[in-house]
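Working notes, structure below.
None of the figures in this text is laboratory data; all of them are computed from the coordinates on show. If you're wondering where the values come from, they're calculated on a predicted model, not measured in any experiment. Because the Cβ atoms are built from the backbone with ideal geometry, glycine has one as well, and the counts that use them run over all protein chains shown.
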Amino acid sequence: MTDPRVSPGRHSRFKLRAAFCFSSVLAAVALAQRGSTTRDGDPEMRAFEPVVIFFPPVPPPIDRPVGTMGGPANRRFTASPELAFYVNEAFYAPLSTRLAREDLTPVLRQRLDTYRAAKLAAQSQVREALDATREADAPTRQQTLETLARQQAPRIAELEQTAEKLREDLVTSEYHWSALREWHLGERNARGDSPFEISQVMRAAAFYQVGLLPAQRRLLREIAMELAVAGNDAASAAAAQPYLFFPPEPARVLLPDDLPADLAAKVAAYQTKKSALKKELYDTVYAQDHATFAFLRASGLKTLAEKQAARLTALDALAEDIRRGLVQQPPPVVKPPLPPVLMARVSTLLQARTALQKETMAKIEELRAAYERAPIQLGYNFETDGLKYVVVPGRGARNRPPEELARIIEPVRAAMAAIAENYGRHFADMVNETESIRRETAGHLGSEKPPAIEAALAAATRYALRQESEEAFREYREAVFEPGLSSGQRRLLFDGAIEKLNLPLPRGEFQPTRRASGW
């Protein structure tokens, strides 16, 4: 097939004119919702201590680099490696607490393993069909995929029902995200609801709220992602989140600027219809959040699910129509923005930086493992000026004599200092190479103006990263753009693609209790 590669430019110029800008609406609503007293939480809900919940990483936009993260300061907040197998599942968050608390029953464990085996088998079938038809002409490839889609439809439907039932059974009243929450959206209080709080509720609803369709759970994740970077107006919202959310959600892409008018109109219609669905979902979740009884929330969301089901199906059909249009467009020609010698240096520098961070993380994890039972907390982060770290007393240190604590902590601090010093030496070399490349770039451009130089270097970095990520994102691109796949097959393929990216698993966070005092 013709590969509808993603353009480095913005969406089609027609989109912003015709499509509803949901991000800016969310920002405006979040900033406008205010009141004047807070409802107290149920005292009986405070009978147990908060548990740690892990939410999945945000999938990157297509062909964008996957970053590295520093390690958490306390292993209590380290996600179980097993969660990487379920990184795009709606039961990720409730499963995370079960794993952290070692509270996964044998029956749930068996069901989970059976589900994963069945899902892997279905994913393999899709991959085999794609590989077998890679050299076939477009009509033959599409017909083969459509035939497989019909054959797999009952099995995929059963898998998605199983996943939803697992999500329901993994949630408990004690481990629910809202179990200890003493605040709710829409309550009258002095400062209103912050965008962060609203984003938290929308994200949690995707994993914990009953009465939602799987498609609505995916839309809620999109809403939470948009709220996390929402601006105060359409321009700032578009700048913060310039990508098009396109199924399988929450995939994000950039489309070429020069789409034909009829195809651009379809993209605009898709965004308008999707934004309307998201706004209805947002409004309902927001309104139902302060309902007194859980069954009232479920009832309202179930009604909305029935109302939106047919429109969600129609939206998928429109997305497929857009894919068929995109595949007919010539792939964009993306030229390297700098001469080959400079591009090679940029690529080498990026590879060296990634290798250095991975090597440093491995050393720190070895150190952490050696002192796993010691009463210390060790945290670190890669920042723009080097490796930052902290080693402090942790749980179990309260009753230890200061001299004993010092004997434990000082060797760890010394080891971390040596690791940071080694990282710093190599990092300094990279800074020097960056400055050298910047000077060479200025010479190539014939300009000493910093904005022009930085723009050229940013373009070179994006180009180099895309070249490196070509294979890593191949399955991601197929899940989004390949005509002939069913919606269920796309979700299977996308889940597998996100697993292969090996995204850093975010740190855990406690169940929320009280509101922050201000924002």
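Multiplying the sequence separation of T303 and S447 by 0.36 nm and subtracting their Cα-Cα distance, what value in nm do you get?
Roughly 45.7 nm would be gained on extension.
Express in whole angstrom the spacing between the alpha-carbon centres of the stretch 416-462 and the stretch 307-329.
Distance between centres, Cα-based: 43 Å.
7 Å from Cα along Cα→Cβ at both E182 and A287: what's the point-to-point distance in nm?
A separation of 3.0 nm, rounded to one decimal place.
Could you give the nm distance between label points at D258 and H426, where each point is 7 Å from its Cα heading toward the beta carbon?
In this crude spin-label approximation the distance works out to 4.3 nm.
Kindly state, to the nearest 0.05, the FRET efficiency for A228 paired with R101, given R0 = 35 Å and r defined as their beta-carbon distance.
It comes to 0.80.
At what distance in nm do the modelled label points of A276 and D131 sit from each other, each positioned 7 Å from its Cα along Cα→Cβ?
4.4 nm
Show me the trypsin sites (Lys or Arg not before Pro) within the stretch 126-214 that DSSP assigns to loop and that have at most 15 other Cβ atoms within 10 Å of their Cβ.
R134, R188, R191
At 0.36 nm per residue, minus the direct Cα-Cα distance, what do R407 and E471 gain on full extension? Give it in nm, one decimal, please.
Roughly 18.2 nm would be gained on extension.
How high is the FRET efficiency from N381 to Q143, r the C-beta distance, R0 56 Å, rounded to 0.05?
Efficiency, from the Cβ-Cβ distance: 0.65.
What FRET efficiency would be calculated for the residue pair A362, V58, taking the C-beta separation as r and a Förster radius of 25 Å, to the nearest 0.05?
Working from the Cβ atoms, E equals 0.55.
Considering the options N422, V391, P450, tell which one lies farthest towards the positive end of the dipole of the stretch 340-469, charges being +1 on Lys and Arg and -1 on Asp and Glu at the Cβ, about the Cα centre.
Result: V391.
At 20 °C and 1.002 mPa s, what whole-number value in µm²/s does Stokes-Einstein give for the translational diffusion of the stretch 340-469, with Rh from the Kirkwood sum over Cα pairs?
For these conditions, the coefficient is 124 µm²/s.
Tell me which trypsin sites (Lys or Arg not before Pro) from the stretch 390-456 have a DSSP coil assignment and no more than 12 other beta carbons within 10 Å of their own.
Answer by residue number: R395, R398.
Just subtract the alpha-carbon distance of A370 and A121 from 0.36 nm times their residue separation and send over the number in nm, one decimal.
85.8 nm is the gain from fully extending A370 to A121.
Between the stretch 134-185 and the stretch 192-214, what is the separation of their alpha carbon centroids in Å?
What the calculation gives is 19 Å, centre to centre.
Please order T384, T140 by the number of other Cβ within 10 Å, starting at the fewest.
The most exposed by this proxy come first: T384, T140.
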